[in-house]
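Here's the structure we're looking at; comments come further down.
Taken together, the values in this text are just the output of simple stated rules run on the coordinates, not laboratory data. These numbers were taken from a predicted model, which means no experiment stands behind them. All Cβ positions, glycine included, derive from the backbone under ideal geometry; neighbour counts span all protein chains shown.
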Amino acid sequence: MSNVLSDYKQETIVTLGRHGWSTRRIAREVGVHRETVARYLRAAGVSLRPPGHWGRAPPKPSKEVTGAKPAKEVTAAKSQCEVFRAHIEARVAEGQNAKVIWQDLVTGEDFGGAYESVKRFVRTLRTPQRAQERALIDTPPGEEAQVDYGEGPLVRHPTTGRYQCRGSSL
């Protein structure tokens, strides 16, 4: 028995690779290991997407190479939350989370944006929190103990035969 895939599977791998499918997706569809998929794609001359760049188009060549006209000036899109900045800042100062702020905006302020946009906007408003200082109690081993007030397992009472929690007197 050889370790070569059938012609049908080889052709399927190459075709899906040429259509831009990821090696992981092809491997799941065909039922083979993704390294096997990558090996067959390389042998067929199909380029693989580099790790960390999933779903992104490859960078376009510069205009000197292509001779293309310069693109229009791109400006940053204004957030839909900017109109409600004062309201959102007040809620953040009160300690409310983005989900509650978004719900308030949708119900009370006729906000049409998505929760994710409010979450991103709130994230820009919050300042990074420093870790709070905590008191460290340094004691020698065996000086302090921790007590667990749990009930414990059910055990059968020797005289009554009833199940009870260990330590209780039923």
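The label-point distance for GLN132 and CYS165, in a model that sets each label 7 Å from Cα toward Cβ, rounds to 3.0 nm. Which shape class, rounded, prolate or oblate, goes with the stretch 79-125 when its Cα gyration tensor gives a ≥ b ≥ c as root eigenvalues, a/c under 1.5 marks rounded, and past that a/b bigger than b/c marks prolate? Rounded, since a/c falls under 1.5.
Counting Lys and Arg as +1 and Asp and Glu as -1 over every other residue whose Cβ lies under 12 Å from the Cβ of VAL118, the net charge comes to +2.
In a fully extended conformation the segment linking VAL4 and GLU82 would gain 22.2 nm over its present Cα-Cα distance, using 0.36 nm per residue.
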